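I have placed the structure first, in the form of structure tokens, so that the comments after it can refer back to it.
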Amino acid sequence: MTPATHVTDRAGADESLRRTEMELREAQRLAGVGSWQWDPATDTVVWSEELYRIKGLDPRRPVPGYKDHAQLYTEESWSRLQRAVEHTLRTGVPYELEIEIVRPDGTLRWITARGEAQRDATGRLVGLRGTAQDITERKQREDSLHLFRSLIDGSNDALEVLEPHTLRFLEVNDKACADLGYTREELLSLTVRDIDPLVDEKRMTTVAEQIARAGYVIFESVHRRKDGSTFPVEVNMKLIVLDRPYRVAVVRDITDRRRAQEALRESEERLRLAAEAARIFAFTWDAATDEIVCSGTATLGFDPSSQATGRQLLAAIPAEDRERLRTSIAQLTPDQPHLRVCHRMTPADGEVVWVERHSRAYFDANGKLARIVGMAMDITERKLADEALSMVSSRLIEAQEAERARMGRELHDNIGQRLALLALTLGQLKNLQAGDSSDVRHCMEALEKQTAELRADVQALSHELHSARLQHLGMVAAMKGFCAELAHQQSVDIDFGHAGVPRNVPPAISLCLYRVLQEALHNAVRHSKARRFDVHLRGTSGAVQLAVRDQGRGFDLEAAARGRGLGLTSMKERLKLVGGEFSIESHLKQGTTVVARVPLEATRERKRAN
């Protein structure tokens, strides 16, 4: 071989080596892989150009020494790398680990560090070599994917990725598995038809059309768990195109919502029934349009299905009440926005209705009335009750005055005259001579008789006002004594019986039943024309019952209720105060039975409540 040929061959080899090195550098750059080699004989380290780039260093500068290597890694990564290298040098087993490096500018990068020991035929260590691959982007993608997966699995809603045509599950999150009771692997082998009993061709077509038109669809359905139980769901489905089309569904268990809706419906229904029963409606009046929107009832002059106006409302109010309502509204101010007023209304049927309105006025920034919001209540029955109570009160006052007049007449015409007769007899006795012993005796006997009768009448009158016997001897003895006295006074027969009456009847009940007995017997003796009466007092389970019967001429109950007598009313009112019940049965020419029953426990509860 000539020298020229040798030079040519060497030049060709050098060119081939440079080309190979360029290709290696390019391959390392494209792969993000840098290489290094350590010669223990010289304790030198050689880096490839790509390794410099990965670690952010200038390739024109020498490789950092061992003591400077710690600065190229995070503390934890440097510690792991040292242990891995020591293990490889000791055992000859190559190492591979992912570690974090620190560039001079402070940025962090992830690399896969690989290394292996080189030994000669005798096993002597002759070198250490390895590579470093930049995996920062892959780690970021993995971290993002892990974060995304964590967010998806941590969602409160089930997420399902479906194949658009077969509706097969391609991916699900943990919530979907928990809701349906399947593992992820089990769900990925199923389709929506396996967990939704309402899916059919018609629904699939409807859903597909809505997605094509709007890009998404929201609907309610039912999902079936692995154990066969079902629960209501709301499905929000959207079409997403990546490498191919996917349907992504967000599925929410709406069991609690359904329960809340049902509870709300029941509450609204109860409120509606209560409002109807109480004849209450809410309204809003707009001052600008004069429109009234109400949740009302047609019986108060409003049709809740249509809008009314303030003018229509005023037209249904009598003139005198209308002016009073207008005046009250005109007096509303931002400082005094509340209105409470009662007025009459005359609906289409012409029957007068009393309405109580509780309203609040709202004003604009200029202080001008904008609207009134309020509630209106039909208080017709209350008004009638108030009127009836007023009438009863008036009649009670009249009865009290009549009773006082009767007592006055009794004292003046009866007791007064008999006292005058007694005084006259005493005068006659004073004028008698001492020898007229027979006349004196007759006069003394007359005085004794008159005094006894007077004492009995005064005692009876006193018992009518207040029975000391009731207080000291008890209800049974007081009633028995009253029956005996009245029978003697009126020359009638009164048969009194009792059975099972508790010993400790509350004083309020004793007095109530005693007054009922007095009223019932006085009425019977005065009006029945009977000469015999039966009175029976008995204790029942938790109550005391009094019955007064006669076989007299009877009377018309409706006519008696319309009359001006207060006997029946006073008995009812007395019993009402102690929680008692009152009933009366009377037939013409067949007699009358009055029954009063008072529960003992109700009276005790009433006392505790007070």
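The values are calculated or read from the model by the stated rules, or taken from the named source; none is laboratory data. Remember, it's a predicted structure, so these values are computed and weren't measured experimentally. Glycine also receives a Cβ, built like all others from the backbone with ideal geometry; neighbour counts cover every protein chain displayed.
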Practice item. Select from the stretch 539-583 the residues that are modelled with pLDDT of 90 or more and touching a His at 6+ places or on another chain (Cβ under 7 Å) and list them in ascending order. Key: ALA547
**Study point:** In the stretch 582-603, residue nearest to ARG531 (Cα to Cα) [restricted to those that are more than 36 Å from the chain's Cα centre (by Cα) and charged (D, E, K, R)]
**Key:** LYS589
Check your understanding: Quick check: anything in the stretch 93-108 surrounded by 16 or more Cβ atoms within 10 Å (Cβ to Cβ), within 60 Å of the chain's Cα centre (by Cα) and not in a strand (DSSP E or B)?
Key -> no
Exercise for review: Return only the number of the condition from (1) more than 27 Å from LEU600 (Cβ to Cβ); (2) in contact (Cβ under 8 Å) with a residue 40 or more places away in the chain that HIS527 does not satisfy.
Suggested key: (2)
Exercise for review: Give ALA132, ALA121 a once-over and let me know the one that is hydrophobic (A, V, I, L, M, F, W, C), exposed (fewer than 14 other Cβ atoms within 10 Å of the Cβ) and over 14 Å from MET237 (Cβ atoms).
Suggested key: ALA121
Check your understanding: Hey, any hits in the stretch 484-491 for a residue that's in contact with a strand residue (DSSP E or B) (Cβ under 9 Å, 6 or more places away or on another chain) and not aliphatic (A, V, I, L, M)?
Key -> no
**Study point:** Top-ranked residue of the stretch 67-116 - restricted to ones that are without any contact (Cβ under 8 Å) to a residue 24 or more places away in the chain and aliphatic (A, V, I, L, M), ranked as nearest to ARG138 (Cα to Cα)
**Key:** LEU97
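Scan the stretch 520-546 residue by residue and report those that are small (Gly, Ala, Ser) and either surrounded by 17 or more Cβ atoms within 10 Å (Cβ to Cβ) or out of contact with any strand residue (DSSP E or B) (no Cβ under 9 Å at 6 or more places or on another chain) (or both).
Scanning the stretch 520-546 gives ALA520, ALA524, SER528, ALA530, SER541, ALA543.
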Check your understanding: Only one residue in VAL222, VAL241, VAL248 is in the same structural domain as GLU186 (by TED's automatic domain parsing), touching a Pro at 6+ places or on another chain (Cβ under 8 Å) and either free of Cβ contacts under 8 Å to residues at least 40 places away in the same chain or surrounded by 11 or more Cβ atoms within 10 Å (Cβ to Cβ) (or both). Which one?
Key -> VAL222
Point to revise | Identity of the residue in the stretch 332-372, assigned to a strand (DSSP E or B) and small (Gly, Ala, Ser), that ends up farthest from ASP321 (Cα to Cα) | key: ALA370
Check your understanding: Are any of the residues in the stretch 264-287 exposed (fewer than 11 other Cβ atoms within 10 Å of the Cβ), at negative phi and at pLDDT 90 or above?
Key -> no
